[in-house]
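Engineer: This is the structure I have questions about; it appears just below.
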Amino acid sequence: MEAKAVASTKLSPQTGESGTRRRRRGWVHSSKPWGAIALFIGPVMVYYGVFIIYPVLATFYYSLLNMTPTGGRIVTTFIGLGNFQRLLNDGIFIQAVKNTLRWGVVGPALEMLTATTLAVLVYFKVPLHRFYRTAWFTPVLVSGVIVGLVFRWVFNVDWGLLNVALRAIGLDRLALNWLGRRDTPLWCVIFVHYWATFGYSFILLLAGLTAIPEELIEAAYIDGASTPQTVMKVMLPMLRPTFVTVLILSFMGKMRTFNVVWALTGGGPMHSSETVATYVHTLAFGQQSLDLGYPSAIAVGWFAVVLVSVGLINRWLSRRVEQ
Amino acid sequence: MITAQRVGAKRRNTWAKWQRRIGLALLTIALLSFTLLVIVPFVWMVLMSVRTTGEILNDPYGLPRAVRWQNYVKLVTDPQVRFYRYFGNSVFVSFFALLLNTVLVTMGGYGFGRSRYHFRGRGALFTVLLLSLMLPGQAMYIAQFVMMSRYGLLNTRWSLVLLYAAEAVPVSTYLMATYFSQLPSELEDAARMDGCNDFGIFWRVMLPLSRPALATVILLNFMNFWNELMLALTMVTHPDLRTLPSAIMYFVGEHGSDYAMAAASLVVAMLPIVLLYLFLSERFIEGLTAGAIKG
């Protein structure tokens, strides 16, 4: 349990509440500086309320409406749960959900596997570890738009890097039209997003490893454990809280990412790489946007699904810690 | 006997040492190839940007025969491309969003972080603030669009300023509050003795001390604002007001076949962040690590 606390401090430092508790007794009798509290906390909460909380609540409300922009005004009709009914019969939506969930399983699995391995290696300071750390993190900083567009070229059928490389080693049969077929674009999206984000998971896991008290690792060595044993029996179990956090962050990232997909495939061709995020955008702001209520319903429904999934992942992994 | 044993041990040692070396060499080769996979697309993009599209199509792998700056020159000067405008728009939006966000979250972080301002329900309020980290942008941006259209802010850069500043509130406030909570309260007391009021303490004593955290927050936010696409596409459709990410999307759509030009535009769009990263890589990594909190 101690170790759990230590490992998570790095990711989520305390907000000073422990300090608060110690001093609170002293403030009971003196009057609270309400003016200063309002001055400091007021503006940020009001701003946050107006630009974040209100829009979220409004989206929930919109999901019950039919909203058609007509001549500069938006005409709304209340239709109750009609949007959600329509959602269940929408083939493209179901395709988008399938795609996104497939991504949500494959993406984090790939990412956690490689990022954990690499983090352990860098933790043991393999040669060039500082260089790796900086290099692997670079794609994280680059806009998803740039990543998506560059990989559009990498996957180009005639002169893209991938196909040129495949032809160069004699695998002409594998030089496909990666983004133009129906079965490969989703995998391209998964790969590109992995490429762009694994460095982030890697850095977080490395931070988690660094937070493990060194005495514990030394103790394992003194007890005669080999390095692989130390990794498997001491370090990885201690890394678990960080691992769960990073897994959830990674999963949520896949559920909401828009820019990479939009720049790489735009959800096409024929919705073969459509995700929920791109579908909402296409419906709401695409060429033939007619109704803002229905995409709101998708966003709301999808948010519920993601929330439940995250809860399940969290519960499943926490329970396994207790065993 | 003893000597023989020693020699055997020594031989085993050197053998183990060699085994280790070979293992490390193989590992290094594997890791370097992996790293190559990460870097190659960038390098390729930069190489493409100093060639002509004809050269690229003839020989996509080839090194540039001569470095041609014409794509960059065209980007900067061609009034039809208007790339400088988009760059300017991105600077405008990032700058004002950072300004607004910084004012809000330094004060908010101070209020949430210091024990002096604790009140019943502050923790709950802070949780509400952090809760939105769970929310995907899709769950609010339709309503934000309606809101902006209602107040006549659609197709203005201010819509992006307002929304970016808001989206960055939770993480930034959290980081600032964490930092402020760690400053000793003796500083507060001493400043009060000298006759400072609450705002004076914040402004003259605490804020200057929070510079490291503030730098991290600004860097993190700048990166996010500079790279943002979804809101940029939604709120601003007027060609003159687009920020870089959305402009590039359109640009590649319209000049789809002029790959060299497109590559140059990507390089320029990426440049500010990459330059910052070269000088401040540790701070970037630290900021992004600290920003990852479970909602």
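Engineer: If you check residue B:65 against the conditions, is it surrounded by 14 or more Cβ atoms within 10 Å (Cβ to Cβ), over 29 Å from residue B:185 (Cβ atoms) and modelled with pLDDT under 95?
Structural biologist: Details: surrounded by 14 or more Cβ atoms within 10 Å (Cβ to Cβ): no; over 29 Å from residue B:185 (Cβ atoms): yes; modelled with pLDDT under 95: yes.
Spelling it out, it is not the case that residue B:65 is surrounded by 14 or more Cβ atoms within 10 Å (Cβ to Cβ), over 29 Å from residue B:185 (Cβ atoms) and modelled with pLDDT under 95.
Engineer: Based on this model, can you work out whether residue A:45 counts as at the interface with chain B (Cβ under 10 Å from one of its Cβ atoms) and touching a Leu at 6+ places or on another chain (Cβ under 6 Å)? Full working, then the answer.
Structural biologist: Working: at the interface with chain B (Cβ under 10 Å from one of its Cβ atoms): yes; touching a Leu at 6+ places or on another chain (Cβ under 6 Å): no.
Spelling it out, it is not the case that residue A:45 is at the interface with chain B (Cβ under 10 Å from one of its Cβ atoms) and touching a Leu at 6+ places or on another chain (Cβ under 6 Å).
Engineer: Could I ask something else about it? Taking residue A:95 and the conditions (1) under 29 Å from the mean Cα position of the chain (by Cα); (2) surrounded by fewer than 17 Cβ atoms within 10 Å (Cβ to Cβ); (3) over 11 Å from residue A:293 (Cα atoms), which numbered condition does it fall short on, given that it satisfies the others?
Structural biologist: So the condition that residue A:95 fails would be (2).
Engineer: Then there is this: On the given criteria, is residue B:252 aliphatic (A, V, I, L, M) and more than 25 Å from residue B:168 (Cα to Cα)?
Structural biologist: Details: aliphatic (A, V, I, L, M): yes; more than 25 Å from residue B:168 (Cα to Cα): yes.
Yes, satisfied.
Engineer: Name the single residue that is farthest from the chain's Cα centre (by Cα) among those in the stretch B:168-197 being under 30 Å from residue B:235 (Cβ atoms), in a helix (DSSP H, G or I) and touching a residue at least 60 places away in the same chain (Cβ under 8 Å). Steps first, please.
Structural biologist: Looking only at the stretch B:168-197, we keep the residues that are under 30 Å from residue B:235 (Cβ atoms), and these are B:168-177.
Next, only the ones that are in a helix (DSSP H, G or I) stay: B:169-177.
Now drop any that are not touching a residue at least 60 places away in the same chain (Cβ under 8 Å), which leaves B:169, B:171-177.
Details: B:169: 15, B:171: 13, B:172: 13, B:173: 17, B:174: 17, B:175: 15, B:176: 17, B:177: 20 Å.
Result: B:177.
Engineer: So, in the stretch B:112-128, of the ones that are within 26 Å of the chain's Cα centre (by Cα) and at the interface with chain A (Cβ under 7 Å from one of its Cβ atoms), which residue ends up surrounded by the most Cβ atoms within 10 Å (Cβ to Cβ)? Spell out the reasoning first.
Structural biologist: Let us first name the residues in the stretch B:112-128 that are within 26 Å of the chain's Cα centre (by Cα), namely B:112-113, B:126-128.
Filter again for at the interface with chain A (Cβ under 7 Å from one of its Cβ atoms), leaving B:112-113, B:126.
Numbers: B:112: 29, B:113: 31, B:126: 22.
Taking the candidates together, the pick is B:113.
Engineer: A further question on this structure: I'm trying to understand the selection: among the residues of the stretch B:129-152, which are over 22 Å from the mean Cα position of the chain (by Cα) and in contact (Cβ under 8 Å) with a residue 12 or more places away in the chain?
Structural biologist: Answer for the stretch B:129-152, where residues must be over 22 Å from the mean Cα position of the chain (by Cα) and in contact (Cβ under 8 Å) with a residue 12 or more places away in the chain: B:144, B:145, B:148.
Engineer: Name the single residue, out of those in the stretch A:130-158 being under 24 Å from residue B:225 (Cβ atoms) and not in a helix (DSSP H, G or I), that is nearest to the other protein chains (Cβ to nearest Cβ).
Structural biologist: A:143
Engineer: Being crowded, with 21+ Cβ neighbours inside 10 Å and part of a loop (DSSP other than H, G, I, E, B) is the filter here; which residues of the stretch A:161-191 pass it?
Structural biologist: A:178, A:179, listed by residue number.
Engineer: Right, next: Kindly indicate the residue of the stretch A:240-266 that is in contact with a Leu (Cβ under 6 Å, 6 or more places away or on another chain) and among the hydrophobic types (A, V, I, L, M, F, W, C) and also nearest to residue A:96 (Cα to Cα) among those meeting that condition.
Structural biologist: Per the criteria, the residue is A:263.
Engineer: Quick test for you: out of A:220, A:196, pick the one residue that is of a type in the set (Gly, Ala, Ser), surrounded by 15 or more Cβ atoms within 10 Å (Cβ to Cβ), assigned to a helix (DSSP H, G or I) and over 25 Å from the mean Cα position of the chain (by Cα). I'd like the intermediate steps shown before the answer.
Structural biologist: Values: A:196 fails: over 25 Å from the mean Cα position of the chain (by Cα).
Result: A:220 is the single residue among A:220, A:196 that is of a type in the set (Gly, Ala, Ser), surrounded by 15 or more Cβ atoms within 10 Å (Cβ to Cβ), assigned to a helix (DSSP H, G or I) and over 25 Å from the mean Cα position of the chain (by Cα).
Engineer: Whether any residue in the stretch B:215-222 is of a type in the set (Gly, Ala, Ser), surrounded by fewer than 23 Cβ atoms within 10 Å (Cβ to Cβ) and at pLDDT 90 or above is what I want to check. Show your work before the answer.
Structural biologist: Restricting attention to the stretch B:215-222, the residues satisfying the condition of being of a type in the set (Gly, Ala, Ser) are B:215.
Checking the rest, the ones that are also surrounded by fewer than 23 Cβ atoms within 10 Å (Cβ to Cβ) come to B:215.
Next cut, at pLDDT 90 or above only: B:215.
Scanning the stretch B:215-222, I find at least one residue that is of a type in the set (Gly, Ala, Ser), surrounded by fewer than 23 Cβ atoms within 10 Å (Cβ to Cβ) and at pLDDT 90 or above, so the answer is yes.
The values are calculated or read from the model by the stated rules, or taken from the named source; none is laboratory data. Just so we're clear, the structure is a prediction, and the values are computed from it rather than from any experiment. Note that each Cβ is placed from the backbone with ideal geometry, even for glycine, and that neighbours are counted across all protein chains shown.
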